[in-house]
Amino acid sequence: MTVVKIKQIKSRIGAPVDQKRTLDALGLRKMNAVVQHECTPSILGMVNKVKHLVTIVE
């Protein structure tokens with residue numbers, strides 16, 4: 001499958017607990033952190049949930 005790179009661009013401070021939990025599940029702990037995941041529907045759903053805090057890096 002394709003690999004997608006996800007970068008956290010905004011702070012988690014002030015975000016609801018479920019969005020913080022989603023960032024943790026993606027492996028994003030700090031600002032400007034970049035992680036790689038397989039492009040699966042579950043990963044894309046998690047990215048969609050926190051789309052205002054992350055961006056897709058190609």
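No lab work stands behind these numbers, since they all come straight from the coordinates. Quick caveat: nothing in here was measured; it's all calculated off a predicted structure. Quick reminder, even Gly has a Cβ in these numbers, built from the backbone with ideal geometry, and neighbours come from all protein chains shown.
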On a straight-distance basis, which aspartates and glutamates could pair with K5 in a cross-link, Cα separation under 12 angstrom, same-chain partners fewer than 8 positions away excluded?
E38, E58
Segment 3-57 - percent relative contact order, Cα under 8 Å, separation 6 or more:
57
Set the Förster distance to 25 Å, then compute FRET efficiency between Q19 and I56 from the Cβ-Cβ distance, nearest 0.05.
0.90
Connecting every pair of Cα atoms under 10 Å apart in the chain and solving the GNM, the largest mean-square fluctuation among V34, V47, V17 falls on V17
Dipole-positive endmost among G14, V34, M1 within the chain (Cβ charges, Cα centre):
G14
How far apart, in nm, are two points set 7 Å out from the Cα along the Cα-to-Cβ line at M31 and at K5?
2.0
Only helices counted: for the chain, with every DSSP H run of 4 or more residues adding -39500 (n - 2.57) and the sum spread over all residues, [θ] at 222 nm is -9500 deg cm²/dmol
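Magnitude of the Cβ-charge dipole of the chain, K/R +1 and D/E -1, about the Cα centre, nearest 20 debye?
Rounded to the nearest 20 debye, it is 260 debye.
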